[in-house]
Amino acid sequence: MRTPKYEFILEEDERGVSVSFGQFEEGDLLQKISYSAEDGIVCIQTTSRKYELDVHKVDPDDLKKMREILKKMNYDQSFQTSGV
């Protein structure tokens, strides 16, 4: 998630895309995301973790939307992308 409208309030090192998995897990900031269509894998690197997601069964239209949203979220190049 990202809320650019309010990011100016945050400290510089707190700005960017927050990533969390699970209800009670505190969010990390996204550092890098890569998508390999041929392998069907999305790799997400945050400030403290790395996730590899198998997206073989995800609808191609949903993957296209994912890539479009990620491009919008990265309007200021706050994280690295590959294959997006």
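Taking region 8-17 as the range and being outside any loop (DSSP other than H, G, I, E, B) and modelled with pLDDT of 75 or more as the test, only 9 passes. Among residues of region 36-52 being modelled with pLDDT under 90 and of a type in the set (S, T, N, Q), the one that is surrounded by the fewest Cβ atoms within 10 Å (Cβ to Cβ) is 48.
Can you name the residue in region 75-84 that is under 13 Å from the mean Cα position of the chain (by Cα) and part of a loop (DSSP other than H, G, I, E, B) and, of all such residues, is surrounded by the most Cβ atoms within 10 Å (Cβ to Cβ)?
Here the residue is 79.
For region 42-53, residues that are more than 14 Å from residue 18 (Cα to Cα) and either free of Cβ contacts under 8 Å to residues at least 12 places away in the same chain or touching a helix residue (DSSP H, G or I) at 6+ places or on another chain (Cβ under 7 Å) (or both) total 2. The residues of region 27-73 that are more than 14 Å from residue 84 (Cβ to Cβ), of a type outside the set (Asp, Glu) and assigned to a loop (DSSP other than H, G, I, E, B), listed by number, are 27, 40, 47, 48, 49, 56, 57, 58. Just one of the listed residues (72, 65, 5) is at pLDDT below 80, of a type outside the set (Ser, Thr, Tyr) and over 10 Å from the mean Cα position of the chain (by Cα), namely 5. Considering region 54-83 alone, what residues qualify as being of a type in the set (A, V, I, L, M) and either touching a Cys at 6+ places or on another chain (Cβ under 8 Å) or over 18 Å from residue 17 (Cα atoms) (or both)? Once the filter is applied, which keeps residues that are of a type in the set (A, V, I, L, M) and either touching a Cys at 6+ places or on another chain (Cβ under 8 Å) or over 18 Å from residue 17 (Cα atoms) (or both), region 54-83 yields 55, 58, 63. Among the residues making up region 30-81, those that are β-branched (Val, Ile, Thr) and touching a strand residue (DSSP E or B) at 6+ places or on another chain (Cβ under 7 Å) are 33, 41, 42, 44, 46, 47, 55, 81.
The values are calculated or read from the model by the stated rules, or taken from the named source; none is laboratory data. The shown structure was predicted, so the numbers you read here are calculated from the model rather than taken from an experiment. Cβ sites come from the backbone with ideal geometry, for glycine too, and all protein chains shown count toward neighbours.
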